[in-house]
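These notes concern the structure reproduced below.
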Amino acid sequence: MADLSTEFLGIRSPNPFWLASAPPTDKAYNVNRAFEAGWGGVVWKTLGEDPPIVNVSGPRYSALHGNDRRVIGFNNIELITDRPLKTNLDEIRTIKRDWPDRALVVSVMLPMNEETWAKYVPMIEDTGADALELNFGCPHGMSERGMGSAVGQVPDYIKMATEWCKKAASVPVIVKLTPNVSNILPPAKAAKDGGADAVSLINTINSIMRVDYDTLTMYPSTDGMGTHGGYCGEAVKPIALNMVAEIARTAETRGLPISGIGGVTVWRDAVDFLALGASNVQVCTAAMVYGFRIIDDLVDGLSRFLDEKGMTSVADLVGKAVPSVTDWQYLNLNYVEKAVIDQDLCIQCGRCHVVCEDTSHQAITKTVNGRRHFEVIDAECVGCNLCVSVCPVDGCITMHRLTEGTDPRTGRPIDDRKANWTSHPNNPMRR
Amino acid sequence: MGKADPDPDIRAQRLDRETVERNFADLHPPLSRSEALIEADRCYFCFDAPCTTACPTGIDIPGFIRKIHSDNVEGSAHTILEENIMGGMCARVCPTEVLCEEACVRNTHEELPVRIGLLQRYATDPVIAAGKQLFERAPSSGKCVAVVGAGPAGLSCAHRLAVLGHDVVVFNRDGKPGGLNEYGIAAYKTVADFAQREVEYILAIGGIELRNGVCVGEDVALDELRKEFDALFLSVGLGNANALGIEGEHLPGVEDAIDYIAALRQAPDKTTLPVGRNVVVIGGGMTAIDVAVQSKRLGAEHVEIVYRRGPDAMGASRYEQELARKNGVAIRHWARPRSITGKSYVTGVVFENTGLDKDGALAATGEWFELPADVVFKAIGQRLDAGETGLATERGKFVVDDDMATGVDGIWAGGDCVATGDDLTVTAVQHGKLAALAIDRHLRRRGGT
């Protein structure tokens, strides 16, 4: 079995799975349980100034459920730690002493003035923590007070606060980014420019889960009123992956170490983040939904996957898929695929037909010779992958590349040379 | 004179009341909300869904399941009841394993269909329980239609006619409405008097007058009805049970299965029903299964169904045959009764083994055996008493066209009494619906509305 031990900014951990700064890492009790279960590291729940903030004593969480009550998405309005700073610092010191082989990073959120950073950063470092993670991401509550995502949405603030922190810190500094921006690159660049040793992303996404259908008020509510919270869980993974990949593949930010966060639930999700450029991953929602013992499958599954790929360490996987991510304009427009339905696997549900008929290109039959039969009409198929996406049987519909002859849809010969939009005759800006 | 037979072992209260109550509780308990939501999630929402095609009433099954999925249970019930007003009873008694659920595409890759019957019950039960009417009657047409028979076909026809704005009088020969839903279905398939509650729901649409205990042909002549009403729908079901035509058939202890099933349904306390210790059931349809399983559940020690052909030829589905076996009923194939033994009451049945000859016809093998019996149930079908209707029949049943018209002006027919009937509630409901639509077109064509 491949060794999963990892080094991130020189911090060693037995596996690349850290618990993200969040409710599961608020207390020594929880963190002990996590380490006993086998987690590689934790990012301690965000510390702030004393006196501590307060949290609501009503609902802090709500979920987007499937019909079987599987949690697909998750939302929270919990703020940073509401315990006294000293309590947290004492516990962090003890945990680091008791678990020297695990990564222990402390998340920090402080107001925008240098003195505060200069005051608190040394106190936190004194615990023996391996690194600091700057919370420039929380989109609720703290952002109203000029912290969290209020900082993360302004690249200049990110740079400024990172510089203050770096000036006061001797341990590595990770900047945690908010996804509540239209482009992740300027914030990532600002963190890099401010001297950040790494970025972690994503924090949660601004969200309202739903309304209460009886009262027609926002749900959940605190005494009849609700507020937007941070959205996370499986549903946000694709958004996180894009942001991670953008940072990994863009010249100005390439090489900046990334800790990937956002919907990691099973080991495959970690493969996504690692292959798209993250060096490790952080997990919160899955642990909050299933408990800490999911670490067994995360570690076991990833290790077996690496074996299967002939890789001996997590580092072998990091960034593997990054070169395959590009801009739309560079996609090969001469490449032609057609869907093929495996009639032996087809269960005759007809979903492929009806969605293609209603919403796409009328490229799948419903009957052949008067009998119920679903078959791709190559002369209409644009290769869009919709049928593959909706087919309930894994592997029943697959995409096949045309390598010779003509595309029956366009009548044009298959051309094995690459040609993209930059040189396409229809492109008024072609080069 | 030989020695007298031993007394037959037939008695009530073979099992205590608690056991009997448990044995006659809901055969398939209803789904809870969470079970229904999860089950609804399994529906693929197929295009041109095979389940809908397989449903004799053509219910939009993916449509109603999707509404369960979205917690729109009343909308789901509407989708069901607009095609099948007895969707509640059909959810309980349909042999779904050979209809919608057999067609479910999930069978193809996991051999576990969506439990459509139970979902249908989940959707319809609350509406029936609350008595919430989902349909409104059209403005009155001023026409009045007579429906003869208050079984599934008759009530379905009456309800649809009422919705379409016509008035209806239902003539029912029995003391209670519902036909076989009330008298012919195993008790554990329709507990808590559901058949009557469903009939009440159907009648509550308004415009339907029910006349119980009136036998058309005896109490009132068919010709009088033709004169008095604008149209006539015959849904008289089948009458007498077929006879075996063998020696000993009239001995005490030899009974028609349908009578016993009816008595069981009507008995407030089922422990009071006499049950034989050794019970032999002759036949291979649902009635045979129902009488056999219910005898077993009342405490009969040994119950055996004997059918003259193989399992595939049985009218009862494989699922029902399995249900019988699970209840401890033995099923013996390839044997037919030749005589019933006993002097003053039945003591046994003599069978001869059967097989197919080289032409594929049923033939005796020459081997014989006798089964001891305290009670023998005949479950070999019923026949229509066409009486003086003057309507054309085929294999003993009325002939109708696709609109359920009999060929005699103003008379439609449907349900088990017509040649296309198949002894299923769901088919009878469809007949009633089709006839009502045809009658409506006929009445409007004639004008005066």
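The values are calculated or read from the model by the stated rules, or taken from the named source; none is laboratory data. Values in this document were obtained by computation on a predicted structure and should not be read as measured data. FYI the Cβ positions are ideal-geometry reconstructions off the backbone, even for glycines, and counts take in every protein chain you see. Note: accessible area is taken over every heavy atom of the protein model, side chains too, but ligands, DNA and RNA are not part of it. Shrake-Rupley method; radii C 1.70, N 1.55, O 1.52, S 1.80 Å.
Worth a mention:
- Here, P(r) means the percent of Cα pairs in each 10 Å bin from 0 to the largest distance; for chain A it is 4, 19, 26, 23, 15, 9, 3, 0, 0.
- Summary of the geometry: the stretch A:93-139 and the stretch B:27-51, compared by the centres of their Cα atoms, lie 51 Å apart.
- Evaluating kT/(6 pi eta Rh) at 37 °C and 0.692 mPa s, with the Kirkwood radius of the protein assembly as shown over Cα pairs in the Stokes-Einstein relation, gives 98 µm² s⁻¹.
- Counting only alpha carbon atoms, the long axis of helix B:152-163 and the longest principal axis of chain B meet at about 10°.
- Restricting the calculation to Cα atoms, the stretch B:81-140 shows an Rg/Rh of 1.11 when the hydrodynamic-style radius is the Kirkwood one.
- When DSSP beta bridges are restricted to pairs lying wholly in the protein assembly as shown, around 45% turn out antiparallel.
- Buried on assembly, the stretch B:97-141 (at least 10 Å² less accessible surface than by itself, 1.4 Å probe): B:VAL105, B:THR108, B:HIS109
- Across all directions, the average projected area of the convex hull around the alpha carbons of the stretch A:175-327 is 11.3 nm².
- Sparse packing (at most 15 other Cβ atoms within 10 Å of the Cβ) combined with a DSSP loop state is found for the following trypsin sites (Lys or Arg not before Pro) in the stretch B:356-397: B:LYS358, B:ARG383, B:ARG395.
- Inverse of mean 1/r across different Cα pairs in the stretch A:1-145, Kirkwood, Å: 16.3
- Helix B:194-203 and the longest principal axis of the Cα set of chain B meet at an angle near 30°.
- Whole-Å semi-axes of the stretch A:260-329's equivalent ellipsoid (Cα gyration tensor): 22, 16, 8
- Threshold 20 Å² - residues in the stretch A:372-399 whose accessible area is reduced by that much or more when the chain is no longer isolated, probe 1.4 Å: A:ARG372, A:PRO392
- Carbon plus sulfur fraction of accessible area for chain A, probe 1.4 Å, in percent: 50
- Within the same chain, lysines fewer than 8 places from A:LYS167 are excluded, and of the rest, those with a Cα less than 17 Å from its Cα are A:LYS119, A:LYS159, A:LYS192.
- Choice from A:THR81, A:THR25, A:THR116 with maximal GNM fluctuation in chain A (Cα, 10 Å cutoff): A:THR116
- The alpha-carbon atoms of the stretch B:271-354 define a convex hull whose volume equals 83 cubic angstrom per residue.
- Note on the stretch B:265-355: with charges restricted to the Cβ of Lys and Arg (+1) and Asp and Glu (-1), its dipole about the Cα centre is near 100 debye.
- DSSP-loop trypsin sites (Lys or Arg not before Pro) across the stretch B:281-344, with at most 14 other Cβ within 10 angstrom: B:LYS343
- Buried accessible area, chains B and A (both chains, 1.4 Å probe, Å² to nearest 100): 1100
- Cross-link partners of B:LYS296 among lysines, defined as those whose alpha carbon lies under 19 angstrom from its own and excluding same-chain residues fewer than eight positions apart: B:LYS189, B:LYS270, B:LYS326, B:LYS378.
- For q = 0.16, 0.23 Å⁻¹, Debye-computed log10 I/I(0) when each Cα of the stretch B:162-272 counts as one equal scatterer: -0.92, -1.34
- Net +/- balance of residues flanking A:PHE292 in space, Cβ distance below 9 Å, scoring K and R +1, D and E -1: +1
- For the stretch A:321-356, residues shielded by at least 30 square angstrom of accessible area compared with the chain on its own, probe 1.4 Å: A:ILE347, A:CYS349, A:ARG351
- Pair B:ARG383, A:ARG60: separation of 7 Å Cα→Cβ label points (nm): 8.0
- Percent of alpha-carbon pairs separated by more than 16 Å within the stretch A:51-115: 67
- DSSP-defined antiparallel bridges as percent of all bridges, chain A, nearest 5: 50
- Within the accessible area of the stretch B:42-130, the carbon and sulfur atoms contribute 50%, probe 1.4 Å, all protein chains present.
- In the assembled protein chains, A:ILE294 presents an accessible area of approximately 30 Å² (probe radius 1.4 Å).
- Cα-centred dipole magnitude for the stretch B:42-130, charges only on beta-carbon of K, R (+1) and D, E (-1), debye, nearest 20: 160
- Computed E for B:ASP193/B:HIS109 - FRET, C-beta separation, R0 25 angstrom, nearest 0.05: 0.05
- Annotation: for a label point projected 7 angstrom from Cα along Cα→Cβ of B:ASP401, residues of the stretch B:220-254 with backbone N closer than 19 Å are B:231-234.
- On a per residue basis, the protein assembly as shown carries 45 Å² of accessible surface, using protein heavy atoms and a 1.4 Å probe.
- Against the rule of thumb 2.2 N^0.38 Å, how large the Cα Rg of the stretch B:42-130 comes out: 0.97
- Total formal charge among the other residues, if their Cβ is under 11 angstrom from that of B:ASP416, Lys/Arg +1 and Asp/Glu -1: 0
- With only Cα atoms counted, chain B has Rg and Dmax values of 22.9, 76 Å.
- If R0 is taken as 22 Å, the Cβ-Cβ distance between A:ILE208 and A:ARG69 corresponds to a FRET efficiency of 0.60.
- If the Kirkwood radius is taken over C-alpha pairs of the stretch A:303-416, then at 25 °C and 0.890 mPa s the Stokes-Einstein diffusion coefficient equals 148 µm²/s.
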